[in-house]
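Okay, structure first, notes after.
The values are calculated or read from the model by the stated rules, or taken from the named source; none is laboratory data. These numbers were taken from a predicted model, which means no experiment stands behind them. All Cβ positions, glycine included, derive from the backbone under ideal geometry; neighbour counts span all protein chains shown.
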Amino acid sequence: MIKFKHYKFDDIVSSSKKKTSSGRNAFFHMKEYDFLMTRKNPNVLEFGVALGYSTCVFINAVEKTGGFLYSCDIIDCGDRVIGSGKWKFIKCDDRNVNVIMQSGRIKKFDLIHIDSFIDYQKSNSHVIELLEKWSKYLVKGGIITVRGVDNTPYKKGGRKENYRKALMYERVHEGIETFLEDNKGLFKAEFLYGSVGMAYLIKLKD
Ligand SMILES: C[S@@+](CC[C@H](N)C(=O)[O-])C[C@H]1O[C@@H](n2cnc3c(N)ncnc32)[C@H](O)[C@@H]1O
């Protein structure tokens, strides 16, 4: 039995069919869910748990497919999910590969989801560092998803105008483009827009 403190999976499923900003965000996560449902015993690694929206979606997928979810956050989010033997929470910085990899027996993941720290640095940004560090722990055919590639709502005159957030999400998009440029042919990328957007990077080769 999976019980969440903050979200209900059925609500996320219904929301994903609505043409609202939160519906768009739910749709992005349901796309990850649909991908996991095509895999046998998929292993998932997520960075950034907070109240566990993405965690709720991933656990529902791994419970049904015989997979396992590792979730990492610098704050203690270990009590967000009650009653799943398919979940392990790791309190750690997401750049700490050794600690995270030693927390379980998984060597490679089917899906790695990035939704943690965003910085403002144009070069060597957190997202580039994560993509460089973690792409080798993804199976061929697996996906890395990165939340926050659309800054439209935060731009000047936008629905939620906010200079800092507009810059942050621009940096995430730039970071992914830089990584793809530096690793040509390794991934096929798809950027989806609306809400704050999501990038899907499909690994083409080891
Ligand atoms: C946007 S929230 C995550 C939202 C979550 N994915 C969801 O769907 O509800 C970002 C989270 O990243 C965590 N975080 C920030 N920097 C981090 C880092 N370096 N390593 C791991 N987690 C980090 C924060 O503590 C915060 O809980």
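Points to keep in mind about this one:
- Applying the criterion of being more than 23 Å from VAL127 (Cβ to Cβ) and of a type outside the set (Ser, Thr, Tyr) to the residues of segment 31-41, the residue that is surrounded by the fewest Cβ atoms within 10 Å (Cβ to Cβ) is LYS40.
- Number of residues in segment 27-51 that are more than 19 Å from THR65 (Cβ to Cβ) and either away from the ligand (no atom under 12 Å from the Cβ) or touching a Pro at 6+ places or on another chain (Cβ under 8 Å) (or both): the value is 1.
- Within segment 87-108, if we keep just the residues that are within 12 Å of the ligand (Cβ to nearest atom) and among the charged types (D, E, K, R), the residue that is farthest from the chain's Cα centre (by Cα) turns out to be LYS91.
- Checking each residue in segment 128-145 for being touching a strand residue (DSSP E or B) at 6+ places or on another chain (Cβ under 8 Å) and away from the ligand (no atom under 11 Å from the Cβ) picks out LEU131, TRP134, SER135, TYR137, LEU138, VAL139, LYS140, GLY141, GLY142, ILE143, ILE144.
- Looking only at residues in segment 104-136 that are small (Gly, Ala, Ser) and modelled with pLDDT under 95, the one that is nearest to PRO42 (Cα to Cα) is GLY104.
- Qualifying residues in segment 14-23 (those that are in a helix (DSSP H, G or I) and within 14 Å of the ligand (Cβ to nearest atom)) - the one farthest from VAL99 (Cα to Cα): SER15
- Condition met for SER84 (surrounded by 18 or more Cβ atoms within 10 Å (Cβ to Cβ) and either on the phi > 0 side of the Ramachandran plot or within 13 Å of the ligand (Cβ to nearest atom) (or both)): no
- Restricting ILE2, ILE75 to those that are over 16 Å from the mean Cα position of the chain (by Cα) and closer than 18 Å to LYS91 by Cα reduces the list to ILE75.
- Pair list, Cβ under 8 Å, 6 or more apart: segment 54-66 residue charged (D, E, K, R), other residue not in a helix (DSSP H, G or I): GLU63/ILE2; GLU63/SER84; GLU63/LYS86
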